[in-house]
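Below you'll find the structure, written out as structure tokens, and then a few comments.
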């Protein structure tokens, strides 16, 4: 791993320490720029829009029939009956359904794009069990045609994660699903970073075959603990530097370490954990690991066995992101049940999410959630569409640290909206119009709003 | 969808009422909306009589059967047919000793049916999707010929392999090493050489009556392709590869089935004219490679519209086979007609692979599914499923796990069975 000297990232702070006794001459304070690749996302052309007479699933557990949704300045303004707004573009949505924009917390679009070619296989830095220093955003190919396909399925926000070969796979990035020639142009403004971790079979298989740690699950745990112990020291060193500097001393800044910056970001509460972790016993240990090193163990992805420890997940504030029916491809995916999401969701203070991990099913997260709802209702649950929609909207937003911005249709939230031709939990449901921040980004019946990747342009 | 009514009542009563029906006895399903997937179309309030595993009567004047099941107007379809997957050959994908679909040394003679495990947990699970039989395709090895398909039912019985070695699987198209040209060239050469050898042998046989030397096992399989005993089932996506295969079919009078065929829409008319069925995944709509730049959710509908007989398959992991009906539903949402969608998971699969199922007609194998409602909808489920006239459950290991973990118990869940 490359070490960067402190001088590379320096930001001058005012040294106007008037009133302080300065015992020694202070050098410029070393401050780490936490946002060196900032979002340049711009809202697409938008106008005040009023959608009339729809069945609205708000994402807060409420269903409103014959309701109107008003979007003003890129925000949800009002939801109610018989709304009107001067100069608003009106959409008659009689017979149609409206939901918040769909959010996928687990995608590899752009880092494992279509076409699947070696040149663009950039999702898994399989060179060391701890690659906390890599950032998925540096791999994103914005021309992945999968973004367009996902948009046609109502996806407005998605987290792009590194793969799961490593104990620490690197940082994930949350994107707005809008076309842009750059990653920065898609980057969700002010979204927290995620850190991808992985339990179980993948890391131990990849590194075990190279005869390096980890080759076992206990090796996995040792790998995490050693890294967090080091990160704890790194955090302490920076805190000491900051406090010494504040006390008027002229300390030497710790040597900058890009890998440990990310782990420190987790310990500081700035970066959220997204942990590929299938099995009940491993999730339980990852929760304790978070407690051991003072961070929240975050969201468990592909949590096939979450239903076995649903109470514990809710008690510890963990989200679980799950498939409705994938199973059997690995031993850790053997104990799938169709009702997993519903069982997790049934516990108070739970956070159940349906995710894709697929360029294909990301286009139908509505159907994926629907499968869970119907199977659960056949087996003793009573889940309504207004609840099921939260698995792919509000709960997903919570997992990504964006609950204050998107994931529900509430006054003041970003106007991320999907108009469906019918109940979105039907196999025949299709997104007709998709809005991101109040701007129409997709229209099934208007080619003007159907973006096409550079890659597909001009292909015969 | 409005013509599919959901009957919530008496599902359990129905299940109890017919549990006595067994293989040897005859039974009648009455008052069903029968989707025959034949020229007869959909029959309302219809009766289907089953005996000895076969459909023996449809709407007879008088019902003579040991048992009668009132379908209460619900939809009865032929059992759905999976294809081109590894059902019964893989229990857990990443557990090497539970996999039997591939072998580095496999060649054109590879018969994976010898490894078929009817007790795989994937089988009862797949019955949830109304799948009653399946064309299993081996994955083979280094050879371009991946082995031979076989047909198994989903009864879970030890005798569930119906036909072994029925077709030859070949993998063509883009190569990560080397050129696609060489495979096409080798295929052509092998067919040509075999044709010549057969002609020569015939000539020789007529000249002197000495017993001809028996051809090698590999040659016998190639000969079976040439004389139409076996179909050539070819994975290929790019239009040029599909055209090359159509040409081979013409030259050697092959029985050809195209699989994948992502860019088939570019040459749909030619495929239709050659009467070659296409086995495709309805949901593959991304340009996964330079061979599949025209993949689209609309392709199943477009190909059907062009006159191609389309069979749908769930590509990728075999554990997802039960989703076949949802794939058909999505194809409908993207332009395939309802009747064509049903054919694409029943009769068209049967026709492509020469199976005696996939239709509700007199004399056909009684692989049948009674649905709670619209078979393609996420909200429906299998009410009853019969395989060779015998009723089976859709209960799987997944249900046992769910019941265990949703039960209340003071003791650890391990005591709940």
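Each reported figure results from applying straightforward, stated rules to the coordinates on display, with no laboratory input. These numbers come from a predicted model, not from an experiment. Every residue, glycine as well, gets a Cβ built from its backbone with ideal geometry; the counts of neighbours run over all protein chains shown.
For chain A, find the longest principal axis of its Cα atoms and tell me its angle to the long axis of helix A:258-267, 0 to 90°, nearest 10. On a 0 to 90 degree scale, this one is about 70. Sorted from greatest to least, the principal axis extents spanned by the alpha carbons of the stretch A:161-243 come out as 42, 40, 16 Å. Semi-axis lengths, largest first, of the ellipsoid equivalent to the stretch A:22-164 are 40, 25, 14 Å, with √(5λ) applied to each eigenvalue of the Cα gyration tensor.
Per-residue ellipticity at 222 nm from helix content only, as computed over chain B with -39500 (n - 2.57) for each DSSP H run of at least four residues, stands at -8000 deg cm²/dmol. When Rg is the radius of gyration of the Cα atoms in the stretch A:374-440 and Rh is its Kirkwood radius, what does Rg/Rh come to? That ratio equals 1.02. Each Cα pair of the stretch A:311-460 feeds into the Kirkwood radius, which the Stokes-Einstein equation turns, at 10 °C and 1.306 mPa s, into a diffusion coefficient of 94 µm²/s. When chain B is treated as a Gaussian network with alpha carbon springs shorter than 10 Å, the biggest mean-square fluctuation among B:314, B:169, B:95 belongs to B:95. As a length-normalised measure over Cα pairs under 8 Å and 6 or more apart, the relative contact order of the stretch B:293-373 settles at 26 percent. Peptide A:105-116 has a mean of 2 when you count, residue by residue, the C-beta atoms of other protein chains within 10 Å of its C-beta.
Rounded to the nearest 10 degrees, what's the angle between the helix B:217-226 long axis and the longest principal axis of chain B, both from Cα atoms, 0 to 90? That helix lies at roughly 80 degrees to the long axis. The convex hull built on the alpha-carbon positions of the stretch B:292-403 has an orientation-averaged projected area of 8.7 nm². For the pair the stretch B:239-256 and the stretch A:202-270, the centres of their Cα atoms are 60 angstrom apart. Relative to the longest principal axis of the Cα atoms of chain A, the long axis of helix A:365-378 makes an angle of roughly 70 degrees. GNM on chain B, alpha-carbon springs under 10 angstrom: the most fluctuating residue among B:126, B:176, B:296 is B:176. Per-residue packing, averaged as other Cβ atoms within 10 Å, sorts the ranges B:320-329, B:53-62 into the order B:320-329, B:53-62, beginning with the highest.
The convex hull around the C-alpha trace of the stretch B:177-299, projected and averaged over every direction, spans 8.9 square nanometres.
Here residue B:54 and residue A:222 are evaluated by their C-beta separation; at R0 = 56 Å the FRET efficiency comes out at 0.35. With the convex hull drawn around the C-alpha atoms of chain B, the volume per residue stands at 176 Å³. Shielding of peptide B:284-295 by partners, expressed as the average count of other chain Cβ atoms within 10 Å per residue Cβ, is 5.
The protection proxy used here, the mean number of other Cβ atoms lying within 10 Å of each residue, ranks peptides A:350-356, A:312-318, A:56-62 as follows, highest first: A:350-356, A:56-62, A:312-318. Over chain A, dividing the summed -39,500 (n - 2.57) contributions of all DSSP H runs of at least 4 residues by the number of residues returns a 222 nm mean residue ellipticity of -7000 deg cm²/dmol.
Result for chain B in a Gaussian network model with C-alpha springs under 10 Å: among B:311, B:181, B:224, the largest mean-square fluctuation is at B:181.
With the gyration tensor restricted to C-alpha atoms of the protein assembly as shown, the semi-axes of the equivalent ellipsoid amount to 51, 33, 27 Å, longest first. Of interest is the spacing of the C-alpha centroids, which for the stretch A:320-376 and the stretch B:346-416 amounts to 21 Å.
Pairwise Cα distances in the stretch A:101-407 exceed 34 Å for 20 percent of all pairs. Per-residue shielding of A:313-325, expressed as the average number of other chain Cβ atoms within 10 Å of the residue Cβ, stands at 1.
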